[in-house]
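J.: The structure's right below; bear with me while I get my questions together.
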Amino acid sequence: MNSRLEKLRAQLDELQLDALIVSHNADQRYLTGFSGHADFDSVMVVAKNAACVITDFRYKQIAEAESGMPVTMTERGKLELPQALANFAQENTLRDIGFESQHVTVYRLREWQKALRKVDAKLKPTADVIKTLRAWKDEDEIEKIRAAVKLTDDTFSYLRQTIRAGMTEKQIAWMIEAYMREHGAERMAFDPIVASGPNAALPHAEPTSRQVREGEPITIDMGAQLDGYNSDMTRTITLGHATEKFNEIYRIVLKAQLAVEKKARVGMNGKQIDRLARRIIDKAGYEKEFGHGTGHGVGRVVHEFPRAGKTFKKDQFEPNMLLTVEPGIYIPDWGGVRIEDLVVFRENGLEILTQSTKAPLIPIA
């Protein structure tokens, strides 16, 4: 029995639904292992006593092998996806069918509604049903994430040995991607961020042709995907020597990050965890320079539940939930510092998965 499907089915009554359409590939892969494709060529329909994958010729064999569900193959001009949805609804007497609204375009919704209306079925919007289920990781999932984190740690060790002043941000970003792919990553978790000097004041800067220089902050944010699971890590370094300003900002951010890793516990909510870091940065006088949340969950996608931030009082942390711990300070025209680990909440505290050194200074021979 697929326990993840059963957990979803257990929620259908609570949601007052007969079935749920699963159109997001990360959700499909989480529920059944079906790798599919990240668009609308394939959907799953999960009802209380039935389920199917609706896809086309390109994914039929993969769906049959990976999903464990009956597969309906669509063909343009004959049986298209909206009609296949309607057929499944009619065969299983489905009346109220949910769909994850954040993943469905207005165009798709109208096409589905038009077909389902003919069989007396209607669509009801839902949000984050499966994303909420994904917040709890079993030990197999944690091991897969641990492997992705290990690859990220290894990549950072390689960077520390090879990065030099005069390299461009784009060159360093490519070094990250090349190393990860050559050492087993199925893809990048996200495009690497390499931001140097004043560019490091942009939390999600894109790598540019700017050359990195000695004595300035260089923020590197990267992650790998292995076996469908992601890692996420940030380190801020400086080459050759550290300025007084760099040392000041780095110490504050590190203190804030370590406070979370020492004091966060199961039972706390996202606002309480965020406060552990924020009060240190606020006290140091950089309240306005820390404008994002302290962290987010990681799993099938890089940004998952739960979250830690000023407004996330409803995000409750339980055992086997993951969180990035990534406070930062960003100062326009100077740069910024962010330090990020990935942690697992355990009954007795946090397990820190990220093992990369936090020593920021890389000596230049």
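The values are calculated or read from the model by the stated rules, or taken from the named source; none is laboratory data. Values in this document were obtained by computation on a predicted structure and should not be read as measured data. Cβ atoms come from the backbone with ideal geometry, glycine included; neighbour counts cover every protein chain shown.
J.: List the strands (runs of 3 or more DSSP E) inside the stretch 1-87, counting only whole elements, that have at least 2 residues being in contact (Cβ under 8 Å) with a residue 40 or more places away in the chain.
T.: 19-22, 43-47
J.: Looking at (1) within 30 Å of I176 (Cα to Cα); (2) in contact with a Ser or Thr (Cβ under 7 Å, 6 or more places away or on another chain); (3) loosely packed, with under 14 Cβ neighbours inside 10 Å, can you tell me which one D140 breaks?
T.: In the conditions (1) within 30 Å of I176 (Cα to Cα); (2) in contact with a Ser or Thr (Cβ under 7 Å, 6 or more places away or on another chain); (3) loosely packed, with under 14 Cβ neighbours inside 10 Å, D140 misses (2) alone.
J.: Mind checking whether some residue in the stretch 105-120 is out of contact with any Gly (no Cβ under 8 Å at 6 or more places or on another chain), among the small types (G, A, S) and either in contact (Cβ under 8 Å) with a residue 60 or more places away in the chain or assigned to a strand (DSSP E or B) (or both)?
T.: No; the residues of the stretch 105-120 include none that is out of contact with any Gly (no Cβ under 8 Å at 6 or more places or on another chain), among the small types (G, A, S) and either in contact (Cβ under 8 Å) with a residue 60 or more places away in the chain or assigned to a strand (DSSP E or B) (or both).
J.: Is one or more of the residues making up the stretch 32-43 hydrophobic (A, V, I, L, M, F, W, C), within 26 Å of the chain's Cα centre (by Cα) and within 17 Å of L116 (Cβ to Cβ)?
T.: Scanning the stretch 32-43, I find at least one residue that is hydrophobic (A, V, I, L, M, F, W, C), within 26 Å of the chain's Cα centre (by Cα) and within 17 Å of L116 (Cβ to Cβ), so the answer is yes.
J.: Taking only the stretch 65-93 into account, find how many residues are over 16 Å from I54 (Cα atoms) and either touching a helix residue (DSSP H, G or I) at 6+ places or on another chain (Cβ under 9 Å) or buried (at least 19 other Cβ atoms within 10 Å of the Cβ) (or both).
T.: The qualifying residues number 0.
J.: When you look at G223, is it of a type outside the set (A, V, I, L, M), at pLDDT below 95 and closer than 30 Å to E66 by Cβ, yes or no?
T.: no
J.: Among (1) of a type in the set (K, R); (2) more than 27 Å from the chain's Cα centre (by Cα); (3) not assigned by TED's automatic domain parsing to the domain that holds D227, which single condition is R164 missing?
T.: Result: R164 fails condition (3) only.
J.: How do the strands (runs of 3 or more DSSP E) wholly within the stretch 166-233 filter down when requiring 1 or more residues that are surrounded by fewer than 21 Cβ atoms within 10 Å (Cβ to Cβ): which remain?
T.: No strands (runs of 3 or more DSSP E) qualify here.
J.: Run down T236, T243 and say which single residue is among the hydroxyl-bearing types (S, T, Y) and surrounded by fewer than 22 Cβ atoms within 10 Å (Cβ to Cβ).
T.: T243
Every residue, every condition in (1) touching a His at 6+ places or on another chain (Cβ under 6 Å); (2) crowded, with 16+ Cβ neighbours inside 10 Å, yes or no:
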site	(1), (2)
L5	no, yes
E14	no, no
I21	no, yes
H24	yes, yes
L31	no, yes
S42	no, yes
V45	no, yes
C52	no, yes
R58	no, no
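J.: Is it the case that D191 is closer than 19 Å to G299 by Cα and either within 17 Å of the chain's Cα centre (by Cα) or modelled with pLDDT of 95 or more (or both)?
T.: Taking the combined requirement at face value, the residue satisfies it.
J.: Would you please list the contacts, defined by Cβ atoms under 8 Å and residues six or more apart or on different chains, that run from a residue in the stretch 201-215 that is closer than 20 Å to E177 by Cβ to a residue that is in a loop (DSSP other than H, G, I, E, B) and acidic (D, E)?
T.: E206/D191
J.: Mind checking which pairs have a first residue in the stretch 177-196 that is assigned by TED's automatic domain parsing to the domain that holds V301 and a second that is of a type in the set (F, W, Y), Cβ under 7 Å, 6 or more apart or different chains?
T.: Once the first residue is assigned by TED's automatic domain parsing to the domain that holds V301 and sits in the stretch 177-196, its partners that are of a type in the set (F, W, Y) give Y179/Y158.
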